Each structure stands twice: as C-alpha cells, then as structure tokens.
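Have a look at the structure below before the remarks.
The values are calculated or read from the model by the stated rules, or taken from the named source; none is laboratory data. The structure displayed is predicted, hence computed values, not measured ones. Using ideal geometry, Cβ is built from the backbone for each residue, glycine included, and neighbour counts are taken over all protein chains shown. Note: accessible area is taken over every heavy atom of the protein model, side chains too, but ligands, DNA and RNA are not part of it. Shrake-Rupley method; radii C 1.70, N 1.55, O 1.52, S 1.80 Å.
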Amino acid sequence: MNPKYLKIMTLLLLILCTASMAGAESSSKNSNNVAVLDYTEGGHNDTDFNANFMSEWWYQNGDLRLVAKDGEQKKIAFFVVMAHQESPELVDPDSGTQLSYLSTFYGLYPYGEAATHNFTRTLVPRSGIENYIKFHVPYLNFAYPDGLKRFYGSGSKGYMLNYSFDDMQLNLFFKPHVKKTVDSAVEPVNFTTYEYAYGKLRGSVVLDGKEYRVMQNDGYFDHMIPYTPDQATWQMETHGWSWSEVTAGRYQTIFYGVRSIDDGYDGYTYKHLTLINKHTGKVIAEYSGDEVSVDEEEWVNTVVKDRTVKRPSKLEISTSDLNISMNAQSVVQLDDTSLPSGQPIGFVDFMAFQPDNATIKYRKNLERGSAFYEYMVTDPGISASPLE
C-alpha cells in the first residue's frame, strides 16, 4: 500500500475516533482508562423490563446560600423531580390512543419561612414521547411539555436544571463529586436507583422576580426506576418507603427502606444504608437487611381525601458502628392518583428538610448537618383519572 495513502487513512481514523469520544454525552473510565458509555442515564420503556407498569424519575436536591446584586443574602433548599410512566394500560378510553404519563413536582424550603411546593402532570401520545425524553442514550435529556422545565446532562459532565414555576426559576448546574452508587431490589417491588449522592451546584435562582447567585452549595442527584411485570402497578405491591440523605461534615449517608404490604408501617422488607466520604468521593461502608435498625417516633396523622395516613416526625437509623438521627422539619405533602383507567391506586408523599442538627456518628466521630427525609405511603383507596 502507498505509504502516503496509509498515513492519510490512519489520520482519518484517528480523527473519527476522537470525534466519537468527544460526542459521547456520558462516559466513565474503566481500570484501563478506556471510556465506557453509561446507558443507565437515559430514558427507558416498559418493554425494556418486560413490565406492565414502569415509572422512572430523575431527582435533584440542593442546599444553597444565595447572594443578590444588591448584597441581600438568602438560604434555601429545594428538590425537583421530573418523571414519566409507561404501560400498555395507559390508553385513552375514548380514542384508544396509547399514552405516556409525565409529571413533575418540587419543594422549595426558604430558611426561616414556610415551604412551598407544586405537583404538575400531563398525558401525551406514546407515539410522541421522544419529543420530551431521549431513550436508550448515555445521557439525560428530559424537556417537560410546557417548555419551562428541562433536565439534561450526565454524571461525567454534570447535569443542568432549568426549572420555572410561578415566581421561582432555577438555572443550576450540578457536578457530582462522588462515584455512582446503586440501590436495587426485587422484593417487595422491583426497583433500581442510580445515585450521584454528593456534588456541588452553581448558577442562579430567581425568587419573586429577583435574581440571586449561588455562593455556597451542596447537592444530590438520583435516577430511580420501579416497575412490575403483572397487572398491578408498583404502588399496589408496596406499602411505601423511607428515603433520606444526610450531609454532615466529612460524611454523607443515603438510606433506602421499602415496606411490603404485610410490613405496613411497622417494618421494612428492604433496607440499605450507604456511608460516603464526600471529600474523597469514596464509599466508606454499606449496610443492608438486619445490619440496619430503623427507629421511627412521634407519629403524625394526616387526612388525605377522607383517608388517614401517618408519618413519623423523627427517624434514627443505626448499625454496629454508625448512627444517624434526623427530624421531619419543614414538610411538604404531595398526593398523586395515577391511571386514566380509574384504577384505585395512588400515594401520599411527605418530603421534609432539616437545615441543621441532623447528625451522623461514625465510630467516635460525630458530625452535624442537614437532611432531606422522604416518607411515602401508598394508598389504594385514592382513585381518580388524570383524564377527568
């Protein structure tokens, strides 16, 4: 072969390989320092899991100190969720059109003020769902149909959140500082959660028409997928769950506890606790099952659509060498009824933020910080149709 021709072909191949790597939206590196695309980042369909009902959502929270141009300072915390549900059961009863269910909700926790929240949902034709979510790609790209909310990016490059509702606007970039961790179970419900549990946020927040820059910040991101292969929705297979994220000093903890129908309020079929060094990004320890004790106290009753559910206002989680304590402060309540068929399923979700004095004690080290604490109760007695 002509040496000059060979040199040109080699150069073209090198350019193509470089362009391919640069165009990848999300990648990590294996032990040989070779980029690996992460297809857990993008959207999924029910058929990917042979599921009859599948939900999927991306969650971002943050604890921020803000400064305006005139020097005014504020401290706020927030969480945002963007979600979709897929099922062959999601059909318009009048037209027979196959539908996809989209929802988004948030909680805003200004320090020293009352928390606010909103839950928004819509149905779109399944044939057009990829106008809003990119599926089977190594990155996240979710644009809500109102054009005011978008979540996109990847763990390797960072995530951008643009989110507007009424007098609040978030324009934030989140860069994970830790390795991805995973929570996953088959019982009492199939689910997998991919977590980038600690990172930093930067950008701006607009409140009541006034813009603030983010000066100090901590954040958390995850991507959760629960599903069921049979006719029941995943909400009907579980009594609910408890989730918490505590950030204190050098540590961060993530707890997932899932209750079966038989567990009721009293126990957890699935328990998993992760302890992370937020400065190094490394997992210090993981605990599961009987290694983890959960103590919930000071229960509060809440009436939702003529039904009473309850939640704890104090939580302690412990292992042989780790103890975590938090209180459900500044609580927002989110209710959902899911199916256009009118199936009587739904949930009530309580999301709390504690700004300080949540504790992580690992061996002899005690750290104090903030906590996000979620307690969800599924409620099969709630029924309504998003088509109504």
Residue-normalised accessible area of the chain, given per residue in Å² at a 1.4 Å probe: 44
R121, R213, R311, reordered so the largest accessible area comes first (probe 1.4 Å): R213, R121, R311
Anisotropy class of the range 116-176 from Cα gyration tensor, a/c 1.5 cut: oblate
Residue pairs, from the table K200/K361; K157/K361; K175/K210; K271/K314; K149/K200, whose Cα atoms sit over 28 Å apart: K157/K361
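Which sequence of K134, K74, K364 reflects their accessible areas, 1.4 Å probe, from the largest down?
Final ranking, largest accessible area leading: K364, K134, K74.
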Charge context of Y287, other residues only, Cβ under 11 angstrom, K/R +1, D/E -1: -3
Over 40 Å [Cα-Cα, the chain], rounded percent: 16
Estimated 222 nm signal from helices in the chain, with DSSP H stretches of n ≥ 4 weighted -39500 (n - 2.57), rounded to 500: -2000 deg cm²/dmol
Signed unit charges on C-beta, dipole axis of the range 38-381, positive-most listed residue Q85, F255, W234: F255
Accessible area (Å², 1.4 Å probe, nearest 10) - T302: 30
Exposure rank, largest accessible area first [M236, M160, M215, M326; 1.4 Å]: M215, M236, M160, M326
Surface accessible to a 1.4 Å probe, T116 within the full protein complex, Å²: 70
